[in-house]
Amino acid sequence: MRSLLFVPGDRPDRFAKAAASGADGLILDLEDSVSAERKAVAREAVAAFLSHRHALPLLVRVHLGSLDEDLKAMLPLRPDAIVLPKAEGAPSIAPLVPKLEGIKLLPIATETPRAVFALGSYVDVAPHLIGLTWGAEDLPAAIGATASRDSDGRLTPPYEMVRALTLFGAHAARVDAIETVYPDINDTAGLKAYAQRGRRDGFSGMLAIHPAQVSIINAAFSPSATELAWARRVVAAFAAQPGTGAIQLDGKMLDRPHLSQAETILARTGKTHEKQS
């Protein structure tokens with residue numbers, strides 16, 4: 001999924017608009033965007049929405065303070081995944097697995113200092129995950145930092161490190177790496193640059209906090225026509241020379257990692273291993 005859009009769980013009036021935003025999936029939020037006084041209202045609204053059939057994947061972010069209540073209300077309605085905040089590696093996932101009845105998790109994997117040191121452990125629970133994402137808001141608050149981004153929106157060095165560790169932790173577990181939100185909803189140029197950088201670095205999708213961000217994120221995480229043409233030519237060239245470890249194309253030497261890159265590009269359009277006549 002290229003884009004996952006957060007929707008406050010206590011705002012059912014926004015559910016339909018979010019579903020029509022073009023997002024590849026919605027995260028119905030029972031955590032940070034909902035005040036403590038409205039948790040029960042949010043749980044009821046999200047349950048009502050889940051009770052109807054939807055073509056769009058629906059995920060639910062639960063609240064650790066009411067985890068058992070949230071799961072009890074949500075699991076019978078079979079959301080596509082549970083988003084787990086403040087996850088701290090495999091040890092925080094394994095005890096939940098028996099309760100989930102086969103529903104998978106999307107951990108937010110960097111919201112506490114302890115969590116940073118557990119990013120390599122998700123490989124141990126990979127079959128129970130749909131991906132791995134991270135956050136740059138809770139962690140600075142947890143350590144007394146004043147900000148995680150410079151004035152131009154770029155992450156400061158500690159959070160660049162955390163971002164990179166999440167990226168590699170996801171790929172080590174062979175699950176999707178989902179880039180975190182871009183908080184300035186009015187900075188479309190900054191969002192575009194951030195999303196493009198995320199795809200360049202190896203993320204497969206991104207979290208969104210406003211419907212207006214969705215189209216920019218989708219475009220950034222979709223292969224361009226030029227990329228698709230290159231990928232098809234690379235796959236075709238290797239197919240024409242089976243068993244060859246390296247080939248020459250347009251005056252450049254390409255080897256098996258380039259083939260993997262081309263296949264990944266095609267996979268994002270549902271055309272992996274296209275057969276050549």
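The values are calculated or read from the model by the stated rules, or taken from the named source; none is laboratory data. Since the structure is predicted, the reported quantities are computational estimates derived from the model, not experimental observations. Ideal geometry is used to build each Cβ from the backbone, glycine not excepted, and the neighbour counts take in all protein chains shown. Note: areas computed on protein heavy atoms with side chains; ligands, DNA, RNA excluded. Shrake-Rupley method; radii C 1.70, N 1.55, O 1.52, S 1.80 Å.
Table for the structure above
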{"quantity": "Residues (in contact with a Leu (Cβ under 8 Å, 6 or more places away or on another chain), open to solvent by 20 Å² or more (accessible area, probe 1.4 Å) and farther than 23 Å from Pro98 by Cβ) located in region 39-74", "calculated": "Lys39, Phe49, Ser51, Leu56, Pro57"}
{"quantity": "In region 220-234, residue farthest from Asp24 (Cα to Cα) [restricted to those that are in contact (Cβ under 8 Å) with a residue 12 or more places away in the chain and open to solvent by 40 Å² or more (accessible area, probe 1.4 Å)]", "calculated": "Arg233"}
{"quantity": "Per-region count, region 82-93, residues in a loop (DSSP other than H, G, I, E, B) and open to solvent by less than 20 Å² (accessible area, probe 1.4 Å)", "calculated": "3"}
{"quantity": "Meets criteria (more than 25 Å from Arg268 (Cβ to Cβ), in contact with a His (Cβ under 9 Å, 6 or more places away or on another chain), not β-branched (Val, Ile, Thr) and not in a loop (DSSP other than H, G, I, E, B)) for Leu96", "calculated": "yes"}
{"quantity": "Count - residues of region 219-255 that are hydrophobic (A, V, I, L, M, F, W, C) and part of a strand (DSSP E or B)", "calculated": "5"}
{"quantity": "Failed item, numbered, when Pro79 is tested on (1) modelled with pLDDT of 95 or more; (2) in a loop (DSSP other than H, G, I, E, B); (3) open to solvent by 10 Å² or more (accessible area, probe 1.4 Å)", "calculated": "(3)"}
{"quantity": "Neighbours by Cβ (under 8 Å, 6+ apart or cross-chain): first from region 29-48, without any contact (Cβ under 8 Å) to a residue 60 or more places away in the chain; second open to solvent by 70 Å² or more (accessible area, probe 1.4 Å) and assigned to a loop (DSSP other than H, G, I, E, B)", "calculated": "Ala45/Arg11"}
{"quantity": "Condition met for Leu119 (free of Cβ contacts under 8 Å to residues at least 24 places away in the same chain and open to solvent by less than 50 Å² (accessible area, probe 1.4 Å))", "calculated": "no"}
{"quantity": "Filtered residues of region 101-115 (kept if more than 20 Å from the chain's Cα centre (by Cα) and either surrounded by 15 or more Cβ atoms within 10 Å (Cβ to Cβ) or under 24 Å from Val181 (Cα atoms) (or both))", "calculated": "Pro113, Arg114"}
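So that you can scan it fast, the table gives a plain yes or no per residue for (1) open to solvent by 40 Å² or more (accessible area, probe 1.4 Å); (2) more than 16 Å from the chain's Cα centre (by Cα):
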site	(1), (2)
Ser148	no, yes
Asp152	yes, yes
His171	yes, no
Pro183	yes, no
Thr188	yes, yes
Tyr194	no, no
Arg197	no, no
Gly202	no, no
Val214	no, no
